[in-house]
Structures are given as structure tokens and as C-alpha cells.
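One structure below.
The values are calculated or read from the model by the stated rules, or taken from the named source; none is laboratory data. This structure is a prediction, so every number in the text was calculated from the model and none was measured. Positions of Cβ are backbone-derived with ideal geometry, glycine not excepted, and every protein chain shown enters the neighbour counts. Areas reflect the complete protein model, heavy atoms only, side chains present, ligands, DNA and RNA absent. Shrake-Rupley method; radii C 1.70, N 1.55, O 1.52, S 1.80 Å.
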Amino acid sequence: MSDGLFMKGILPMSKAREVPKYQWIRDEILTRIESGSIHPGDKLPIEADLAHEFSASRQTIRQAIGELVQRGILERIQGSGTYYIGEPEKPSNQPASGIIGVITTYISDYIFPDIIRGIEERLSEEGYSPLLFTTQNDISKERKALEDILAKGVDGVIAEATKSAYPNANVDLLNRIQSLGIPVVMLHASYPDLPMPVIEVDDRQGAYEAVHYLTELGHRRIGAVMKMDDRQGLRRMEGFLLAHNQVGCTYDANHIAFYTTEQRSSIAESYAKNLASMEMEHRPTAVFCYNDQIAAQLLTALRLFHLSVPEDLSIIGFDDANVAAQCYPPLTTVEHPKHAMGTLASDWVIQLIRKNPIVEQSYNFIPHLVKRSSVRAPQ
């Protein structure tokens, strides 16, 4: 194969941010195969050349190539190189039921429609259909979903952990699913006592970036509204603390509010009322919220007490949900790779069903800050 077949093959940056880098490099190689640019028997460039072309590490190239080797599309020959060997044989283990059980805390609102869409699109490409369950972050509803999944005889499971900060009461059912050889891929968090592949957002880093941005603008009295019955909330609180430690400032416990799933409908108004009762010199100048849903509710509640954003205080959310851009003022927030997370989870569960090992047992999406007008420097 000539070097020209792999020149200037970098995908647009918008695409690169939607999926893990190794995945879009893999897909670019597949695109060239499908277009006829790469023929059976052609040798791929060496790792160093591919790393240079795609502006990626050699480890990332190795991961992309490794997945195509596992699929039987490419072949590594010791001392010679990596070759395209032609179309792989169709997997002998076609879907038994063609159904993948999908359990999320919510389905029809917030970030979940985009996650579900990513799951559905990828599964349908491989002939699978999702069977959807929602737990409302309730352990008993999670148990019912797991019982139904066992009864339906699904081929695989994609599950978002329910109240992942607590010991899990449904370990017996999850163990039974695994003992039957049904692969399980977790979203957002895994249960410590159940080693399963997990796809997460780096919540700690995302929270750190949000609060660090506030400190760079000069904020030192920073409050937080944090959910504490899932591991995402615990990690986001860790990022909040880390950002404070790095600039050598402390936080006021009176500026922090913790809540659980059952308290989420009332937390924003009670927190806003507490802020309104404080003298201006003691009130936080900025607040970091667990997610955009709480941040949007806080925006509304603050108006009831005649406090304005960002004039009286700045607000940052997390997840870059649709509500973040629709608020007034639009929310500064931390992005969440919703669609890409669903796609990757489907990729993993399909590979596990086909007895193909996945390269990693965990994947962390690195989030970035989306700056909008709900934040300004303290006056």
C-alpha cells in the first residue's frame, strides 16, 4: 500500500470530540477499507507514522488497530507488520434473542434521551433492539428491572447504577446475570463489590475545572449544591475541594447544601432562601451545582428572593443538558458526552456478546467547560 492512502486522514475535530479518539481512528481505517483505498493483502503504515498522521499517541493507535485485529479485519505478523486480510467471517454467535436490556435512572428527560439514542442507533446497526427500564433512582425498581431482564433472556445488559454511593441491595441478581454468561456494561459508576466494565465521565476533573474557573475570575466565597447518594456527586464534591485547595482558600460550610434523590424537588428553593437570608458580605459570590437541572431550578428560585444571576452571584452547572442553553441567563456548565457514551456502551456489550475481549475495563470521558453568561467576575 502506498503512503498516500493514509495522508491527511484526520477526522474533523467536531467528530473527534463525540467519540474516544481510538474509535474514530478505527472508523477512519474502516472507511478506507470500504471505499476500496485499502485492498486485501495491503500493509498498513507503521505505528509511528499513523501516530504522526492522526496526532495521536502510539498507545491510541495500538488500541484502534488492536480492535480491528480482534474483529478479524486486520492481522499482525511478527517482524513484518499489520495487514488487511479481507472481510472477516460473520460471527457464529449471532444474537440469541436480539435484545439488550438497558437500565437507566431516567429515560424521557434531561440527558437520558441522548444517551438512549446513542445506544439505540449502535445496537440497531448490529441487529439488536434495546429493552428499556427506568429505576427513578429507586433500589426496589432496579430490582424489578433486573428480575424482568432475567425473565426475558436478554443477550446483554447496559445498566446505570442506582444510588451508587450506597451498598447495593441487588448484588444477588447482578451476580446471577453474570453467572449466566450475560455481559453487563455499567454507565456513570460501577458497584465496588461487582467488577464490571464501566464507562464514566471524569466527574472529579469536570468539577475541578468549573470551580477553578471561578477562582481564576476572583471568586473566593464559592457555594455548592451537591447530590450525595450517587458516586458522581461524591466525585464532583472532590473536584470542588481540590480546586479550593489549589488556590489555598477554604469554603464556608454554610454555603454548602447536600441532598438525596428524594429531596431534589425542594433543595433549590430552600438553598435560595438560605442565601437570601445572608448579608451580602457573607453570601457566596458563586455557586457550583451538581447538575444543570438543579442549577436551572436555583436560577428560578433566586428570582423569588430578588437575587439576580450573574449580578448578585454566578452559577455553574454540570452536564450541558438542553436546559443549560435555554435558561436565562444561559448556564455555564461542564459538558457530558451523552450520545457518545451510549454508542460506546453498545460497542462494548456487542463485543462481549461475541466473546471479543474489550481493550479496557473502564473508560473515562474527559469533560470540558462550556462558558456562558451565568458567570462573571465578582464585583
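Here are the numbers for this structure:
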{"quantity": "Qualifying position, being under 30 Å from Ala151 (Cβ atoms) and buried (at least 17 other Cβ atoms within 10 Å of the Cβ), among Ile115, Ile38, Ile65, Ile73", "calculated": "Ile115"}
{"quantity": "Count of residues meeting criterion [within 23 Å of Val198 (Cβ to Cβ) and aromatic (Phe, Trp, Tyr)] in the stretch 316-342", "calculated": "1"}
{"quantity": "Within the stretch 162-176, considering residues that are open to solvent by less than 10 Å² (accessible area, probe 1.4 Å) and in a loop (DSSP other than H, G, I, E, B), the one nearest to Phe365 (Cα to Cα)", "calculated": "Ser164"}
{"quantity": "Top-ranked residue in the stretch 343-379 [being closer than 23 Å to Ile111 by Cβ, in a loop (DSSP other than H, G, I, E, B) and of a type in the set (A, V, I, L, M, F, W, C); ranked as most open to solvent (accessible area, probe 1.4 Å)]", "calculated": "Ile366"}
{"quantity": "Any hit, the stretch 53-62, residues being touching an Asp or Glu at 6+ places or on another chain (Cβ under 6 Å), part of a helix (DSSP H, G or I) and not aromatic (Phe, Trp, Tyr)", "calculated": "yes"}
{"quantity": "Residue list for the stretch 88-104, filter: surrounded by 18 or more Cβ atoms within 10 Å (Cβ to Cβ) and either more than 19 Å from Ala345 (Cβ to Cβ) or modelled with pLDDT of 70 or more (or both)", "calculated": "Ile99, Ile100, Gly101, Val102, Ile103, Thr104"}
{"quantity": "Pairs where the first residue, in the stretch 238-251, is closer than 17 Å to Met226 by Cβ and the second is open to solvent by 90 Å² or more (accessible area, probe 1.4 Å) and basic (Lys, Arg), C-beta under 7 Å, 6+ apart", "calculated": "Glu238/Arg204; Gly239/Arg204"}
{"quantity": "Pair list, Cβ < 7 Å and 6+ apart or interchain, from the stretch 273-296 residues that are closer than 19 Å to Asp230 by Cβ to residues that are small (Gly, Ala, Ser) and part of a helix (DSSP H, G or I)", "calculated": "Phe288/Ala207; Phe288/Ala210; Cys289/Ala295; Tyr290/Gly233; Asp292/Ala324; Ile294/Ala268"}
{"quantity": "Matching residues in the stretch 297-325 - criterion: being crowded, with 18+ Cβ neighbours inside 10 Å, of a type in the set (S, T, N, Q) and part of a helix (DSSP H, G or I)", "calculated": "Gln297"}
{"quantity": "Given (1) open to solvent by less than 10 Å² (accessible area, probe 1.4 Å); (2) closer than 27 Å to Arg220 by Cα, number of the condition Ala340 does not satisfy", "calculated": "(2)"}
{"quantity": "Identity of the residue in the stretch 120-147, open to solvent by 70 Å² or more (accessible area, probe 1.4 Å) and small (Gly, Ala, Ser), that ends up nearest to Ile100 (Cα to Cα)", "calculated": "Ser124"}
{"quantity": "In the stretch 244-270, the residues that are more than 17 Å from Ile315 (Cβ to Cβ), assigned to a helix (DSSP H, G or I) and either open to solvent by 90 Å² or more (accessible area, probe 1.4 Å) or in contact with a His (Cβ under 6 Å, 6 or more places away or on another chain) (or both)", "calculated": "Asn245, Gln246, Asn254, Glu262"}
